[in-house]
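Below is one structure, written out as structure tokens, with a few remarks after it.
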Amino acid sequence: MVFCENRNVDVLKSALLQSLGYHTITNFIVDTDTLVREYEKGTSVEGLLRSQIIKTPEDVKQNRTFPNVDGIKFLTHEGGCGGFRLDSETLCNLLAGYITNPNVAGATILSLGCQNAEVSFMEEAIKKRDPEFAKPLYILEQQKSKSERHFIEDAVKKTFIGLIEANKIKREPAPLNKLVLGLECGGSDGFSGISANPTLGHTSDLIVALGGTTILSEFPELNGVEQELINRCITRQEAVKFTHLMDTYSARTVALGSAFANNPSPGNIKDGLITDAMKSAGAAKKGGTSPITDVLDYTEKARKKGLNLLCTPGNDVESTTGLAGSGCNVIAFTTGLGTPTGNPIAPVIKISSNNELSERMKDIIDFNTGSIITGQDTIAAKGEELLDYIVKVASGEVQTAADRLGQDDFIPWKRGISL
Amino acid sequence: MPKKYVQIDPRDNIIVALTDLKIGTKAIINNEQIILQEEVKGKHKFALIDLQIGDEIYMYGALVGKTTKPIRKGESITIENIVHASANYQFGMEKSRWSPPDVTAWI
């Protein structure tokens, strides 16, 4: 709940990750415990030399204590106290969004006690999102514990008990209308708006047509295409909320001495995205052509099927963090320059806009649309192929590069200033 | 043979290079020939027509900038000759209609 618990979160991480079989980001794991066990059994030197102590990530996964639990994630952040009270409330809402996200089976929360981000507020936020909430949730308060040792001991034991509960849940087939797909881009280039983004837009249209949900975020990157989005809003109410959020955000950037116009990064500009409107018009292609059923402010839960707009910054990590908080169970992320971004609770599928990137950074790219630029593929065909790929990821058949690399980025959006 | 350049929307007055294009390259858009006045790298854009200072730049059919210098047909579009500009918006315009794509393959 608050930055001063980050060290305790790290202690939990080292206590749980390897021993429960979730440290799988390296090519191989050295299992010294086997040597110790063999030695204690009285195994000879020759026997010790013959023992198998190198394990692949696959070996580790297959021998997990809780095989139905795909991961244990340890989220730290720099917020929760100091600064605007509103930011702490937003953080509580975001954490409630993570805890109630269908990808999450349970959570252990470390609270100090006196911080701005109040436990009661977060509990309310959880109830608001899910009145039937019944996942294992343990909230521990350090100021109520006898010592840090007691505190950690309690946290480890309760998390372990929560994992026993979580392991009772089995993966089951689900219809595509349960999919909530985040539409994200980062490190865009001059081809993003021609290949990767319209491909994702077509995939979004397919998911919407199937009764599913997609969420387009990054409001500074919708600057210049507002009229098209307003025209696509199902009712005036959504259009009014959208323009209100856009205008408020824009006014704040100006008050702080900047503007949406300054959004394109030096890398964007070098690769052909020279104005914010140019970047935006390409970025908005991710949202396809379907009607907009709802407009959400940051941390609001997506409740309506169809295409939703979510107010987040254009910063890709702040935005993916927000998408998972609003209920995305998979995030599709287009890039032209290449970025390793991932998320702790939602798989992030990295989609390259050009062949050169997918070759050069194949370790971080999952899906390539560069063949549209070279004329070998159409946007529609690639969009259909991407939907099939998303289904495989959602079914746990394919692991994303970000997941394999343990790229668990989590940056809550801080809108206020520090006090 | 892959395309070397593309006009994304018929309203656009700038053309995207899909590969590095040399000076003197001839591009044909809507039966009109454009001769590149300078090298244009892939991902970057060049002018379809002669543009005066203050002219609006369209890409994806949307207003994406305004010129700050005259740009001749076939010259490249850079941060030196255009700045950000975006369209205003209002309520009550015509509602978009949507025809969903065929999804029978996934049902």
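Each value in this text was obtained by applying a stated rule to the coordinates, not by laboratory testing. It should be emphasised that the depicted structure is a prediction, and the values quoted were computed from it without experimental measurement. Here Cβ is always computed from backbone atoms with ideal geometry, including for glycine, and neighbour counts include all displayed protein chains.
How large is the translational diffusion coefficient of segment A:356-414 in µm² per second when you combine the Kirkwood radius over alpha carbon pairs with Stokes-Einstein at 20 °C and 1.002 mPa s?
Details: Rh = 13.4 Å.
Translational diffusion coefficient: 160 µm²/s.
Taking amide H positions as modeled 1.01 Å from N, with prolines and chain starts lacking one, the residues under 5 Å from A:Val295 and 5 or more places away or on another chain are A:Leu309. Note on segment A:176-404: with charges restricted to the Cβ of Lys and Arg (+1) and Asp and Glu (-1), its dipole about the Cα centre is near 420 debye. Shown in residue order for segment A:310-322 are the 3J(HN,Hα) couplings computed by the Karplus curve 6.51 cos²θ - 1.76 cosθ + 1.60 at θ = phi - 60°: 10, 6, 9, x, x, 4, 5, 6, 4, 6, 5, 4, x Hz (x for Gly and Pro).
Think of each Lys and Arg Cβ as +1 and each Asp and Glu Cβ as -1; about the Cα centre, that makes the dipole of the protein assembly as shown roughly 420 debye. Amide hydrogen proximity for A:Cys233: with H placed 1.01 Å from N in the peptide plane, the residues at 5 or more positions away or on another chain lying under 5 Å are A:Ile292.
For chain B, what is the Kirkwood estimate of the hydrodynamic radius, computed as the reciprocal of the mean inverse distance between distinct Cα atoms, to one decimal in Å?
Taking the inverse mean of 1/r over all distinct Cα pairs, chain B comes out at 15.5 Å.
Computed about the Cα centre, the dipole magnitude for segment B:33-107 is approximately 100 debye when only Lys and Arg (+1) and Asp and Glu (-1) carry charge, each at its Cβ. Annotation: amide H of B:Ile14 within the under-5 Å range of B:Leu48, B:Tyr58, sequence separation 5 or more or interchain, hydrogens built in the peptide plane. Here segment A:82-209 has an Rg and Dmax of 19.5, 59 Å, counting Cα atoms alone. Projected label points at A:Val45 and B:Thr68, each 7 Å from Cα along the beta carbon direction, are separated by 7.6 nanometres.
The mean count of C-beta atoms from other chains within 10 Å of the C-beta of residues in B:53-65, rounded to a whole number, is 5. Working note: Karplus 6.51/-1.76/1.60 with θ = phi - 60° gives segment B:69-84 the couplings 9, x, 10, 7, 3, x, 8, 7, 9, 9, 5, 7, 10, 9, 10, 4 Hz, where Gly and Pro are set to x.
Sequentially through segment A:59-76, phi angles give Karplus couplings (6.51, -1.76, 1.60; θ = phi - 60°) of 4, 4, 4, 6, 10, 5, 5, 10, x, 7, 9, 7, x, 10, 10, 10, 9, 10 Hz, Gly and Pro residues having no value and appearing as x. In whole Å, what is the distance between the alpha-carbon centres of segment A:330-366 and segment B:1-41? About 29 Å separates the Cα centre of segment A:330-366 from the one of segment B:1-41.
Across all directions of projection, what mean area in square nanometres is found for the Cα convex hull of the protein assembly as shown?
Values: hull surface 115.9 nm².
Projected area, direction-averaged: 29.0 nm².
Within straight-line reach of A:Lys414, meaning a Cα separation under 23 Å, sit the following lysines at least 8 residues removed in sequence or on another chain: A:Lys73, A:Lys128, A:Lys241, A:Lys301. Look at where the Cα atoms of segment A:154-231 and of segment A:25-42 average out, and the two centres are 40 Å apart.
Over segment A:176-404, the reciprocal of the mean inverse Cα-Cα separation, the Kirkwood hydrodynamic radius, stands at 17.1 Å.
Give me a single rounded figure for B:77-83: the average over its residues of other chain Cβ atoms within 10 Å of their Cβ. Could you put the intermediate results ahead of the total?
Working: counts 4, 3, 5, 1, 1, 3, 3.
If you average over the peptide's residues, the count of other-chain Cβ atoms is 3.
Once the dipole of the protein assembly as shown is set up with Lys and Arg at +1 and Asp and Glu at -1 on Cβ about the Cα centre, which of A:Leu16, A:Ile390, A:Pro102 lies farthest towards its positive end? Positive-end residue among those listed: A:Pro102.
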